[in-house]
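For reference, the structure is listed below as C-alpha coordinates.
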Amino acid sequence: MSENIHARAQGLLAESLVEGIPADSQNWLEQHLQDCEECARLAETTRGLLRALRGVAVAVPVDLAARTQLRVRLRAQETAPGSRSGLVLWLLTGMSWLLGIFSAPLIWRGFGWIGAEFGVPKLALEFGFVLWWAVPALLAVGVVLHQRGTAMPGRTQL
Ligand SMILES: [Zn+2]
(Lines give C-alpha, C1' and ligand atoms only; values in the text may rest on other atoms or scores of the structure.)
Protein backbone atom coordinates (compact mmCIF):
# COMPACT_ATOMS: atom_id res chain seq x y z
CA MET A 1 0.00 0.00 0.00
CA SER A 2 1.37 3.40 -0.90
CA GLU A 3 1.56 6.43 1.35
CA ASN A 4 -1.22 7.99 -0.71
CA ILE A 5 -3.73 5.41 0.40
CA HIS A 6 -3.04 6.03 4.10
CA ALA A 7 -3.17 9.78 3.58
CA ARG A 8 -6.51 9.39 1.81
CA ALA A 9 -7.80 7.17 4.62
CA GLN A 10 -6.77 9.67 7.28
CA GLY A 11 -8.26 12.55 5.31
CA LEU A 12 -11.53 10.66 4.90
CA LEU A 13 -11.49 9.76 8.57
CA ALA A 14 -11.19 13.41 9.61
CA GLU A 15 -13.91 14.41 7.14
CA SER A 16 -16.22 11.63 8.26
CA LEU A 17 -15.89 12.73 11.88
CA VAL A 18 -16.54 16.38 11.14
CA GLU A 19 -19.12 16.55 8.37
CA GLY A 20 -19.71 13.05 7.08
CA ILE A 21 -18.63 11.48 3.79
CA PRO A 22 -20.44 9.73 0.92
CA ALA A 23 -21.34 6.07 1.41
CA ASP A 24 -18.80 4.77 -1.10
CA SER A 25 -16.00 6.71 0.56
CA GLN A 26 -17.19 5.43 3.93
CA ASN A 27 -17.12 1.86 2.63
CA TRP A 28 -13.64 2.35 1.22
CA LEU A 29 -12.48 3.81 4.55
CA GLU A 30 -13.95 0.96 6.60
CA GLN A 31 -12.29 -1.52 4.26
CA HIS A 32 -8.95 0.21 4.64
CA LEU A 33 -9.28 0.37 8.42
CA GLN A 34 -9.84 -3.39 8.46
CA ASP A 35 -6.73 -3.97 6.38
CA CYS A 36 -4.44 -1.34 7.86
CA GLU A 37 -3.56 -1.62 11.51
CA GLU A 38 -1.91 1.78 11.69
CA CYS A 39 -4.86 3.71 10.30
CA ALA A 40 -7.27 1.66 12.38
CA ARG A 41 -5.37 2.60 15.52
CA LEU A 42 -5.41 6.25 14.51
CA ALA A 43 -9.15 6.06 13.81
CA GLU A 44 -9.83 4.47 17.19
CA THR A 45 -7.80 7.11 19.03
CA THR A 46 -9.43 9.98 17.15
CA ARG A 47 -12.93 8.64 17.67
CA GLY A 48 -12.23 8.06 21.34
CA LEU A 49 -11.01 11.63 21.77
CA LEU A 50 -14.00 12.99 19.92
CA ARG A 51 -16.36 10.91 22.05
CA ALA A 52 -14.72 12.26 25.18
CA LEU A 53 -14.98 15.84 23.93
CA ARG A 54 -18.61 15.43 22.95
CA GLY A 55 -19.38 13.80 26.27
CA VAL A 56 -17.96 16.82 28.06
CA ALA A 57 -19.78 19.32 25.86
CA VAL A 58 -23.12 17.61 26.39
CA ALA A 59 -22.67 16.94 30.08
CA VAL A 60 -21.82 20.49 31.09
CA PRO A 61 -25.14 22.29 30.60
CA VAL A 62 -27.21 19.36 31.80
CA ASP A 63 -25.77 18.87 35.26
CA LEU A 64 -23.65 21.95 35.73
CA ALA A 65 -25.54 22.92 38.86
CA ALA A 66 -25.11 19.50 40.42
CA ARG A 67 -21.46 19.40 39.50
CA THR A 68 -20.89 22.85 40.90
CA GLN A 69 -22.47 21.89 44.19
CA LEU A 70 -20.40 18.73 44.33
CA ARG A 71 -17.29 20.72 43.48
CA VAL A 72 -17.94 23.21 46.24
CA ARG A 73 -18.23 20.36 48.70
CA LEU A 74 -15.19 18.53 47.36
CA ARG A 75 -13.06 21.65 47.41
CA ALA A 76 -14.16 22.47 50.91
CA GLN A 77 -13.11 18.95 51.93
CA GLU A 78 -9.83 18.82 50.04
CA THR A 79 -8.70 22.18 51.34
CA ALA A 80 -5.58 21.38 53.28
CA PRO A 81 -4.94 23.27 56.52
CA GLY A 82 -2.51 26.10 55.98
CA SER A 83 -3.22 26.47 52.29
CA ARG A 84 -3.94 30.02 51.24
CA SER A 85 -7.26 29.31 49.56
CA GLY A 86 -8.42 27.38 52.59
CA LEU A 87 -7.64 30.32 54.81
CA VAL A 88 -9.50 32.67 52.48
CA LEU A 89 -12.46 30.31 52.43
CA TRP A 90 -12.65 30.20 56.22
CA LEU A 91 -12.11 33.93 56.55
CA LEU A 92 -14.83 34.76 54.04
CA THR A 93 -17.22 32.21 55.47
CA GLY A 94 -16.58 33.46 58.97
CA MET A 95 -17.01 37.07 57.89
CA SER A 96 -20.23 36.31 56.09
CA TRP A 97 -21.57 34.54 59.17
CA LEU A 98 -20.54 37.38 61.47
CA LEU A 99 -22.06 39.90 59.12
CA GLY A 100 -25.21 37.83 59.01
CA ILE A 101 -25.42 37.48 62.77
CA PHE A 102 -24.74 41.13 63.54
CA SER A 103 -26.96 42.49 60.83
CA ALA A 104 -29.76 39.99 61.45
CA PRO A 105 -31.75 41.95 64.09
CA LEU A 106 -31.46 45.13 62.05
CA ILE A 107 -32.43 43.45 58.81
CA TRP A 108 -35.23 41.54 60.50
CA ARG A 109 -36.62 44.81 61.86
CA GLY A 110 -36.36 46.27 58.38
CA PHE A 111 -38.22 43.33 56.92
CA GLY A 112 -40.81 43.64 59.69
CA TRP A 113 -41.31 47.30 58.82
CA ILE A 114 -41.69 46.48 55.12
CA GLY A 115 -44.17 43.75 56.02
CA ALA A 116 -46.26 46.09 58.19
CA GLU A 117 -46.04 48.97 55.75
CA PHE A 118 -46.79 47.10 52.53
CA GLY A 119 -48.72 44.10 53.81
CA VAL A 120 -46.14 41.55 52.57
CA PRO A 121 -46.97 37.96 53.65
CA LYS A 122 -44.82 36.59 56.48
CA LEU A 123 -43.59 33.70 54.31
CA ALA A 124 -42.21 36.09 51.70
CA LEU A 125 -40.50 38.10 54.44
CA GLU A 126 -38.88 34.99 55.89
CA PHE A 127 -37.75 33.89 52.46
CA GLY A 128 -36.16 37.27 51.83
CA PHE A 129 -34.51 37.13 55.22
CA VAL A 130 -33.01 33.70 54.51
CA LEU A 131 -31.76 34.94 51.14
CA TRP A 132 -30.09 37.90 52.83
CA TRP A 133 -28.21 35.41 54.97
CA ALA A 134 -27.36 33.02 52.18
CA VAL A 135 -26.05 35.53 49.64
CA PRO A 136 -22.77 36.47 51.40
CA ALA A 137 -21.91 32.80 51.94
CA LEU A 138 -22.65 32.01 48.30
CA LEU A 139 -20.53 34.97 47.22
CA ALA A 140 -17.69 33.74 49.41
CA VAL A 141 -17.83 30.30 47.84
CA GLY A 142 -17.89 31.86 44.37
CA VAL A 143 -14.84 33.97 45.11
CA VAL A 144 -12.89 31.01 46.45
CA LEU A 145 -13.87 28.81 43.51
CA HIS A 146 -12.78 31.51 41.09
CA GLN A 147 -9.50 31.95 42.91
CA ARG A 148 -8.77 28.24 42.99
CA GLY A 149 -9.80 27.99 39.38
CA THR A 150 -7.20 30.51 38.33
CA ALA A 151 -4.60 29.07 40.69
CA MET A 152 -4.98 25.51 39.38
CA PRO A 153 -6.03 25.64 35.73
CA GLY A 154 -5.44 21.93 35.24
CA ARG A 155 -8.08 21.03 37.80
CA THR A 156 -10.92 23.20 36.60
CA GLN A 157 -11.85 21.18 33.52
CA LEU A 158 -15.45 20.13 33.69
ZN1 LIG B 1 -3.55 2.94 6.36
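The values are calculated or read from the model by the stated rules, or taken from the named source; none is laboratory data. Computed from a predicted model, the values in this text were never measured in an experiment. Because the Cβ atoms are built from the backbone with ideal geometry, glycine has one as well, and the counts that use them run over all protein chains shown. These accessible areas exclude ligands, DNA and RNA; they are computed on the full protein's heavy atoms, side chains included. Shrake-Rupley method; radii C 1.70, N 1.55, O 1.52, S 1.80 Å.
Brief remarks on what is shown
- Once the Cβ-Cβ distance of Asn4 and Gln26 is raised to the sixth power relative to R0 = 25 Å, the FRET efficiency obtained is 0.85.
- Cβ-Cβ FRET estimate between Thr45 and Leu138, R0 fixed at 41 Å, reported to 0.05: 0.45
- Å² per residue, accessible surface of the range 2-54 at 1.4 Å: 69
- Once the Cα-Cα distance is subtracted from the 0.36 nm per residue extended length, the Glu15 to Ala104 segment shows a gain of 25.8 nm.
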